[in-house]
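Rule-based calculations on the coordinates, nothing more; no lab input. This structure is a prediction, so every number in the text was calculated from the model and none was measured. Note that we place each Cβ from the backbone using ideal geometry, even for glycine, and neighbour counts take in every protein chain shown.
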Amino acid sequence: MTTSLSTHADTDTDAHTHVDTGTGHPAPQEFAGRTALVTGAASGIGLEIARRLAEAGAAVVVADHNEQGASDAARALTDAGGRAAAVHVDVTDPDSVRRAVDFGAETFGALHLAVNNAGIAGASAPTGEYGVTDWQRVIDTNLNGVFYSLRFELPQILAAGGGAVVNMSSILGTNGFGGSSAYAAAKHAVVGLTKTTAVEYAARGVRVNAVAPGFIDTPLLKGDTIQRERLVALHPQGRLGTAEEVAELTLFLLSDRASFINGSYHLVDGGYAAR
Ligand code: NAI
């Protein structure tokens, strides 16, 4: 059984209206007064999104099944002057997701924003040889995990009066990739789930979009140097992307600046899909 952890909750609502970025200028507090839940926030893209949201004034629920990583991340955010709370979540378990979402909404009083980002690369094998258990693990995490998250986030976001969601898809949400049938199937399905949810909730003040990164330099890419060079060569810009570049797009889509952007799939891929 999983238990929610409030390992580093700072629920003071008034204490942090500005964050000094170290540049001499206060960061714009675009997300002040909003609470954001980010799954997979202990590492890579999710960690950077959580950091940027906290910097921009959001109270951030740092959710991950890596409890220590989530706790360390939340502590780093609060040490930097932000508001954050860590919570354990296993996105393959609907009860765990429900508890994490409820914990976030209760800790900070409401939930307005969500980034359904937790994901795994999974095994690599041709479809005719793909392990059935490997398949189920990828679908459970990368597809079912996004559904469970939406399932429990949406009622909370509606209760808060509306908000925005970003689901982390991939360039493999529209392209195939040899050896990754489970991953590509899940990421394609996340696009359909995103569009449908957006249609359902648009009139009730919730926008739902999908972000589709090219290959990004995070711990997810564990490949050797040759594998890495192969991946680099697939991007016309001649490099992998960074978590910062994915976070930039994600924060824009969550913000009111993206107020008429809804139900769409947004590449951040260095030209990968344009080839
Ligand atoms: P990462 O491995 O650095 O971070 C993923 C995080 O998700 C980790 O903290 C991990 O503990 C967490 N996680 C995994 N399974 C979980 C579960 N069952 N419950 C809760 N948390 C779980 O990976 P990265 O690169 O930051 O990936 C984030 C998202 O971006 C994933 O959905 C991935 O598919 C997607 N993406 C990544 C790309 C890349 O090249 N790195 C490219 C396109 C999409």
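For the reader, a short list of remarks on this structure follows.
- Per residue, the convex hull volume that the Cα atoms of the range 58-198 enclose (Å³): 110 Å³
- The fewest-to-most ranking of GLU30, GLU55, GLU153, GLU248 by surrounding Cβ atoms within 10 Å reads GLU248, GLU30, GLU55, GLU153.
- Size of the range 156-198 as Cα extents on the principal axes (Å, biggest first): 43, 14, 13
- Potential extension, ASN66-ASP79 segment - 0.36 nm per residue separation minus Cα distance: 2.7 nm
- Efficiency of FRET between GLU200 and ARG137 - r from beta-carbon atoms, R0 30 angstrom, step 0.05: 0.60
- Ranking of ASP217, ASP64 by neighbouring Cβ atoms within 10 Å, starting from the fewest: ASP217, ASP64.
- Nearest-ten-degree value, helix 94-108 long axis tilted from longest Cα axis of the chain: 30 degrees
- Each listed q (0.13, 0.14, 0.16 Å⁻¹) maps to a log10 I(q)/I(0) for the chain, found by the Debye formula over equal Cα scatterers with no solvent: -0.81, -0.94, -1.23.
- Euclidean distance between Cα centres, the range 116-179 to the range 90-108, Å: 17 Å
- Ellipsoid equivalent to the range 53-135 - semi-axes via the Cα gyration tensor, in Å: 30, 15, 11
- Remark: the range 166-275 projects, on average over all directions, an area of 7.1 nm² (convex hull of Cα atoms).
- Normalised size of the range 123-217, defined as Cα radius of gyration per 2.2 N^0.38 Å with N residues, equals 1.19.
- The ranking of GLU67, GLU129, GLU200 by Cβ neighbour count inside 10 Å, starting from the fewest, reads GLU129, GLU200, GLU67.
- With a simple spin-label model that places each label point 7 Å from the Cα along the Cα-to-Cβ direction, the separation between ASP256 and GLU229 comes to 5.1 nm.
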